[in-house]
Amino acid sequence: MENETKRISEGKLLYDPLFDKKPDVKIQDDPTKGFFGKAIVKKAGFVVLLLCFVGISMFFSFNSIAKDLYAFAENGDGTYMLDEYHGGNRKVLEVDFVRSEEDVPDTTKPVTSVRRFAVCCDESVNFIFVGKDVEVIDSKAFYTCKNLYAVIVDAENKNFVAPDGVLYKCVDGVATELVLYPTNNSNYRTALAMGVKAPATAEDVPAFIEAITPLLEAEKNAAPNEDGKMTKNEFDLRFDEIGTKYEILSTVTAVGELSFAYADRLQQVTVPDGLVSIGNLGFFKCHQLQEIDLPDGLVAIGSDAFTECHGLTDIFIPASVAFIGHHAFNKCDNVPVVRMAASEEATEDMELGQLWKPQRRKVLMKDIEVVYNAAREVQ
Amino acid sequence: MAGKAKNALSYVRAHWKTADASKGHHVSFREYLDIFMGVTFNYGAQAPLGYIGFSAGCFLIMYHYDLPYLAFSVISLIGIPLSYLWNILGWLVADNLGFMPKKTERTVYGIYLTAVALALVLLIFDVSVFLPADSRLLVFLNSLSGINAKSFFKIFGVQLLCSGFSGARGIFWRKILVPKYGRYKYMLYSDVIQKCVLIILIGWLPIYNVTDVNDRLWMAYLLFSLFGLYDFSNRVESCTQVISPNPEERMIVRAYPVKIAHLLNSVFAAVIPVLGAFDDINFFRWVIPGVFIPCALITLYFVRNVKERIPQPPIEKKQQVSFWYGIFSVLRNKYHRLNTISGLIDSLGNGMIGLSTVIFLYTLRLSGLEYSLVASLLWAFRGTIPALLSPIVLKHFSFRQMAIYKQIVEVISTLMSILALTFLGDNIILCGWVLFASLWIRGFVIEPANFAKSDMGARLNDYQMYLSGERMENFTGVYGWFTSPITTFVGLIIPVLLLHNGFNSNWDVLFLDDARFDILVIPLIFDLVGHALMIIPYIFWDYNTPQYLYAMKVLQQRAQLAEEGYTPATYEGGLDFEEGDDVKNGLPAHIRHLKFEKPPKKEKQKVAK
């Protein structure tokens with residue numbers, strides 16, 4: 001070791017790979033390696049290897065993102081679950097039997113359930129037809145179908161009903177839980193009120209769309225009159241009367257998770273007296289919702305239940321409420337005060353989620369004041 | 001004291017417009033001010049640009065466009081085949097700074113402009129209608145998640161347009177503006193108007209309202225790609241690298257006006273979120289252009305007097321290396337290979353959504369001033385102190401130790417995040433802060449390792465020079481030719497799984513507690529496995545400080561020999577080199593026993609004084 005150190009300090013030449021093997025800026029044949037030492041073989045090998053890498057990777061990549069129209073999973077009892085649906089531009093989804101890529105149903109394989117997020121952010125689907133055998137539909141099964149007008153349930157189905165296209169879950173033939181208020185249902189109900197015929201089967205859908213399109217176009221293209229004010233056409237007027245309001249069936253005890261999410265043209269929702277719970281994100285981003293009268297007997301309000309309901313100007317929480325989820329009234333920033341029927345002491349027995357109160361921005365976010373022992377305002 | 005101040009003031013006045021040549025200075029005091037203001041407002045213009053980009057994590061895309069998450073991966077996949085062509089052309093143009101032999105230039109222009117013409121055809125016409133309705137290609141393209149046949153061809157057209165157009169304009173502007181404005185600041189002049197127009201269009205064009213998601217996707221991609229085509233990065237700071245041929249003066253310029261401008265940069269970053277809410281489109285209509293346009297114009301005003309003074313030939317006069325020699329030289333570099341393997345394993349975590357974004361917006365629900373304080377200030381400063389301490393830390397540890405340490409920290413931090421999500425999920429605020437703390441501490445403690453990694457980047461180029469006589473920086477990109485299709489494929493795993501769990505075009509799913517858990521934890525598990533496996537390649541890393549010092553000694557020796565007329569290319573023998581019997585990775589094995597000279601310690605210097 002001492003000798004090596006000495007050689008460096010004396011300026012002897014260190015080993016240098018470039019001097020060891022005279023470099024050439026071009027690739028040349030290496031005779032010692034035979035066939036594989038030839039420059040042309042090395043270059044060809046490189047190109048072939050590169051093509052293989054790229055080709056195989058691209059093949060698997062494209063295959064992994066190429067989705068079948070449907071994916072079903074067997075439940076183990078001869079029935080099936082709709083696992084995934086990638087409809088592309090299709091306007092109708094039929095959940096009845098296992099279907100082929102050509103959309104041909106296999107009537108020996110009934111579908112009885114729909115997995116959560118089976119239809120996820122589909123912007124094309126307008127109608128979902130639920131077959132007679134369907135027993136379970138997850139509350140998140142049809143997550144954010146922006147253009148969904150209605151869910152149509154087979155008359156023989158005992159587990160679900162869908163009056164006016166709104167999906168309810170039934171127990172013993174009685175609707176007990178509102179599962180889904182389709183985002184575009186306000187337009188659908190208005191169109192029905194104007195005489196457009198509701199589709200009974202998938203084959204009727206094109207006729208419905210043909211009938212509703214001019215009504216919606218007229219609404220979209222409405223121009224101001226000579227006074228500069230917008231003139232409301234017939235659809236607008238009927239929409240104000242019908243589309244902005246919804247009355248939940250009187251037998252319902254639960255508003256499900258995400259059930260009214262994004263129904264941002266609803267202004268008034270009438271809830272039944274027997275309502276016990278509102279699920280997480282139940283009225284999420286119902287921006288124009290102005291009126292909702294929470295009934296006595298309501299026990300639970302889920303997390304983010306009323307998030308971004310900017311139109312709400314009054315919140316009255318009945319004394320029966322025992323649970324409020326976190327961020328339940330997040331960004332309900334037009335509410336002057338939250339009125340609670342319960343006393344401040346009684347709230348200690350309630351399960352209150354974090355940041356459940358609405359907040360208002362000044363410099364930093366500030367909780368909106370809560371008034372306890374408040375009485376319900378009689379209208 | 002007053003006299004000294006008066007003298008200083010009169011000195012500044014005397015050299016306000018002309019530098020003190022008697023002291024070897026080239027930069028006048030006026031130019032110091034111009035640099036300070038230029039860098040400040042160049043950063044100011046960049047701050048709002050950070051909020052715009054064609055990625056799922058961009059606030060504009062996240063809140064307003066509702067684009068399918070998987071579409072971003074699909075778009076990058078579509079771009080892979082042609083990227084090879086653009087790579088080679090890009091090397092050719094960049095290496096020659098746009099000045100090429102006429103014939104080559106014509107060919108390159110021809111390729112770029114043909115691409116533009118083809119792109120326009122694809123963008124104007126819907127070519128998918130020419131495919132037979134039952135063709136397998138059409139069926140296949142329509143089955144792709146996130147896009148359809150029509151948008152596939154449009155997206156391909158956007159990629160052709162942007163690559164072809166940017167390539168052609170790169171040559172054009174370089175030839176016209178580089179001689180006048182130098183290598184760095186010319187882009188500020190050539191791009192500023194287009195950038196201002198596009199930043200307004202980004203906010204005001206209602207593409208996010210286009211009903212059909214496939215049309216919305218390609219239109220947004222076109223708009224954002226055009227926006228990305230024009231550059232307004234920190235060119236003024238780049239100018240200071242060549243502000244003076246006097247290295248001492250250059251150091252002073254980079255130490256004072258530039259560093260002070262850096263501090264003001266944090267102010268811009270912190271103020272912008274306070275001016276509006278990301279989920280309000282008016283933020284992108286008014287705040288973003290309102291900050292960018294004035295800052296860009298002020299930058300241009302001040303940069304006009306900033307000069308580039310180091311004389312550089314228009315064409316790099318370095319040894320021309322043949323394509324194949326370059327390729328095989330970098331492929332022989334073991335350490336590039338190890339880095340590549342590590343990068344491939346790292347891609348296991350690709351496609352996961354930004355954990356910090358989710359924490360800020362969906363767990364802690366920050367916005368406005370709270371967002372600014374936590375996400376812009378507290379978050380941004382997590383690496384500041386360790387960055388200052390990094391040189392001291394690195395003296396005591398090898399690169400291998402630092403690289404393995406980094407992966408262990410990543411594993412621990414990821415595990416902490418998984419545990420927090422699993423056990424604190426019910427307490428959303430506490431969970432959010434624990435996640436934040438975990439990420440903040442990770443950023444704090446791995447900063448020296450990041451520092452070591454960037455330092456190793458430069459050392460690897462030296463090693464490449466030692467091995468093959470050239471640094472081959474561009475040729476290193478050949479590894480990407482092999483890895484990018486694989487990483488894109490591996491990077492699809494997480495988005496496909498996230499899609500299965502409800503994460504598509506609507507980020508609001510993250511408000512659902514159970515969905516947020518799945519969407520975060522599944523990718524974190526992949527990330528955890530990736531970081532654990534990434535330790536393996538670094539176990540074989542044996543290019544540490546002694547090896548680096550040896551390579552540098554050899555490079556010095558090579559330079560001395562070149563002065564004496566001995567170059568490797570002409571060497572015919574006769575010099576007394578050490579034996580290279582036990583050579584590993586081009587380095588003789590015995591070097592670990594060698595002692596290298598260390599700089600004298602300070603105490604010794606004091607004694608000597």
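If you take just the helices (runs of 4 or more DSSP H) that sit entirely in region B:65-146, which of them hold at least 3 residues that are assigned by TED's automatic domain parsing to the domain that holds B:C162 and without any contact (Cβ under 8 Å) to a residue 12 or more places away in the chain? Give the derivation first.
Details: elements: B:69-95, B:102-124, B:136-143.
Those helices (runs of 4 or more DSSP H) span B:102-124, B:136-143.
Consider A:K140 against the criteria (1) within 24 Å of A:C286 (Cα to Cα); (2) touching a Cys at 6+ places or on another chain (Cβ under 7 Å): it satisfies all of them except one. Which criterion is unmet?
Every condition holds for A:K140 apart from (2).
I'd like to know if region B:379-390 contains one or more residues that are of a type in the set (F, W, Y) and surrounded by fewer than 17 Cβ atoms within 10 Å (Cβ to Cβ).
Yes, region B:379-390 has at least one match.
Can you tell me which residue in region A:51-94 is nearest to the chain's Cα centre (by Cα), limited to those that are assigned to a strand (DSSP E or B), within 10 Å of chain B (Cβ to nearest Cβ) and among the small types (G, A, S)? Even if it seems obvious, please write down each step before you answer.
Quick first cut of region A:51-94, residues assigned to a strand (DSSP E or B) only: A:66, A:70-74, A:80-85, A:92-94.
Those still in the list that are within 10 Å of chain B (Cβ to nearest Cβ) too: A:66, A:71, A:83-84.
Narrowing further to those that are among the small types (G, A, S): A:66, A:71.
Values: A:A66: 21, A:A71: 19 Å.
This residue is A:A71.
Just a yes or no: is a residue in region B:478-500 free of Cβ contacts under 8 Å to residues at least 60 places away in the same chain and touching a strand residue (DSSP E or B) at 6+ places or on another chain (Cβ under 8 Å)?
The answer is yes; a qualifying residue exists.
Check off (1) within 27 Å of the chain's Cα centre (by Cα); (2) surrounded by fewer than 16 Cβ atoms within 10 Å (Cβ to Cβ); (3) within 14 Å of another protein chain (Cβ to nearest Cβ) for A:E351 and give me the number that stays unchecked.
(1)
Whether any residue in region B:397-407 is away from chain A (no Cβ under 14 Å) and assigned to a loop (DSSP other than H, G, I, E, B) is what I want to check.
Among the residues of region B:397-407, at least one is away from chain A (no Cβ under 14 Å) and assigned to a loop (DSSP other than H, G, I, E, B), which makes the answer yes.
Identify all residues within region B:478-501 that are under 14 Å from B:R337 (Cα atoms) and within 8 Å of another protein chain (Cβ to nearest Cβ); write none if there are none.
Residues satisfying the conditions are B:W481, B:F482.
Kindly indicate the residue of region A:258-301 that is over 18 Å from A:N330 (Cα atoms) and in contact with a helix residue (DSSP H, G or I) (Cβ under 7 Å, 6 or more places away or on another chain) and also farthest from the other protein chains (Cβ to nearest Cβ) among those meeting that condition.
A:L266
For region A:68-113: of the residues being out of contact with any Phe, Trp or Tyr (no Cβ under 9 Å at 6 or more places or on another chain) and within 30 Å of B:S347 (Cβ to Cβ), which is modelled with the highest pLDDT?
Here the answer is A:D68.
I'd like to check something: does region B:276-283 contain any residue that is over 30 Å from A:K285 (Cα atoms) and part of a helix (DSSP H, G or I)?
No; the residues of region B:276-283 include none that is over 30 Å from A:K285 (Cα atoms) and part of a helix (DSSP H, G or I).
Before we move on, is B:S166 in contact (Cβ under 8 Å) with a residue 60 or more places away in the chain, among the small types (G, A, S) and more than 21 Å from B:V236 (Cα to Cα)?
Values: in contact (Cβ under 8 Å) with a residue 60 or more places away in the chain: yes; among the small types (G, A, S): yes; more than 21 Å from B:V236 (Cα to Cα): yes.
Criteria met by B:S166.
Collect the residues in region B:147-171 that are aliphatic (A, V, I, L, M), buried (at least 22 other Cβ atoms within 10 Å of the Cβ) and part of a helix (DSSP H, G or I), keeping them in residue-number order. Even if it seems obvious, please write down each step before you answer.
In the first step, residues of region B:147-171 are kept if they are aliphatic (A, V, I, L, M); the result is B:147, B:149, B:155, B:158, B:160-161, B:168, B:171.
Then drop every residue that is not buried (at least 22 other Cβ atoms within 10 Å of the Cβ), which leaves B:147, B:149, B:155, B:158, B:160-161.
Within region B:147-171, B:A149, B:I155, B:V158, B:L160, B:L161 meet the criteria.
Of the conditions (1) part of a loop (DSSP other than H, G, I, E, B); (2) more than 14 Å from chain B (Cβ to nearest Cβ); (3) in contact with a strand residue (DSSP E or B) (Cβ under 6 Å, 6 or more places away or on another chain), A:Y246 clears all except one; give me its number.
It fails just one condition, (1).
Which of (1) surrounded by fewer than 21 Cβ atoms within 10 Å (Cβ to Cβ); (2) in a loop (DSSP other than H, G, I, E, B) is the odd one out, the single condition A:N330 does not satisfy?
Of (1) surrounded by fewer than 21 Cβ atoms within 10 Å (Cβ to Cβ); (2) in a loop (DSSP other than H, G, I, E, B), only one is false for A:N330: (1).
I'm trying to understand the selection: among the residues of region B:65-91, which are away from every other protein chain (no Cβ under 14 Å) and either within 20 Å of B:G228 (Cβ to Cβ) or buried (at least 18 other Cβ atoms within 10 Å of the Cβ) (or both)?
If the condition is that a residue be away from every other protein chain (no Cβ under 14 Å) and either within 20 Å of B:G228 (Cβ to Cβ) or buried (at least 18 other Cβ atoms within 10 Å of the Cβ) (or both), then B:W86, B:L89, B:G90 are the ones that fit.
Counting only residues that are touching a residue at least 40 places away in the same chain (Cβ under 8 Å) and hydrophobic (A, V, I, L, M, F, W, C), which one in region B:507-524 is surrounded by the most Cβ atoms within 10 Å (Cβ to Cβ)?
So, considering only residues that are touching a residue at least 40 places away in the same chain (Cβ under 8 Å) and hydrophobic (A, V, I, L, M, F, W, C), the one surrounded by the most Cβ atoms within 10 Å (Cβ to Cβ) is B:L520.
Return yes when B:Y543 is facing another protein chain (nearest Cβ under 9 Å), touching a helix residue (DSSP H, G or I) at 6+ places or on another chain (Cβ under 9 Å) and either under 18 Å from B:Y466 (Cα atoms) or in a helix (DSSP H, G or I) (or both) and no when it is not.
So B:Y543 fails the test.
If you scan region A:354-364, which residues turn out to be crowded, with 19+ Cβ neighbours inside 10 Å and either among the basic types (K, R) or at pLDDT 95 or above (or both)?
A:K357
Going by what's in this entry, would B:Y221 be described as modelled with pLDDT of 85 or more, under 15 Å from B:A45 (Cβ atoms) and surrounded by 19 or more Cβ atoms within 10 Å (Cβ to Cβ)?
no
Could you check region A:271-311 and list, in sequence order, the residues that are of a type in the set (S, T, N, Q) and crowded, with 17+ Cβ neighbours inside 10 Å?
Correct list: A:S277, A:N280, A:Q290, A:S303, A:T307.
So which residues in region B:172-186 are surrounded by fewer than 21 Cβ atoms within 10 Å (Cβ to Cβ) and either touching a strand residue (DSSP E or B) at 6+ places or on another chain (Cβ under 8 Å) or farther than 23 Å from B:Y84 by Cα (or both), if there are any at all?
Selection gives B:W173, B:K175, B:I176, B:L177, B:V178, B:P179, B:K180, B:G182, B:R183, B:Y186.
Only one residue in A:L178, A:L192 is closer than 30 Å to A:L281 by Cβ and not in a helix (DSSP H, G or I). Which one?
A:L178
Can you pull out every residue in region B:217-254 that is among the β-branched types (V, I, T) and touching a Leu at 6+ places or on another chain (Cβ under 8 Å)?
B:V236 - this is the single residue of region B:217-254 that is among the β-branched types (V, I, T) and touching a Leu at 6+ places or on another chain (Cβ under 8 Å).
Does A:Y262 satisfy being assigned to a loop (DSSP other than H, G, I, E, B), farther than 17 Å from A:E351 by Cα and of a type in the set (S, T, Y)?
Judged against the criteria, A:Y262 is a match.
I'm checking my understanding of the structure. Among residues of region B:461-477 that are more than 9 Å from every other protein chain (Cβ to nearest Cβ) and surrounded by 22 or more Cβ atoms within 10 Å (Cβ to Cβ), which one is nearest to A:E84 (Cα to Cα)?
The first filter runs over region B:461-477 and keeps only residues more than 9 Å from every other protein chain (Cβ to nearest Cβ), leaving B:461-465, B:471-477.
If we keep only those that are surrounded by 22 or more Cβ atoms within 10 Å (Cβ to Cβ) too, we end up with B:463-464, B:472, B:475.
Values: B:Y463: 52, B:Q464: 51, B:M472: 48, B:F475: 44 Å.
Applying the filter and picking the extreme gives B:F475.
Looking at region A:118-148, which of its residues are under 14 Å from A:T201 (Cα atoms) and either under 20 Å from the mean Cα position of the chain (by Cα) or hydrophobic (A, V, I, L, M, F, W, C) (or both)? Spell out how you get there, then give the answer.
The first filter runs over region A:118-148 and keeps only residues under 14 Å from A:T201 (Cα atoms), leaving A:126-132.
A:N126, A:F127, A:I128, A:F129, A:V130, listed by residue number.
The values are calculated or read from the model by the stated rules, or taken from the named source; none is laboratory data. The structure displayed is predicted, hence computed values, not measured ones. All Cβ positions, glycine included, derive from the backbone under ideal geometry; neighbour counts span all protein chains shown.
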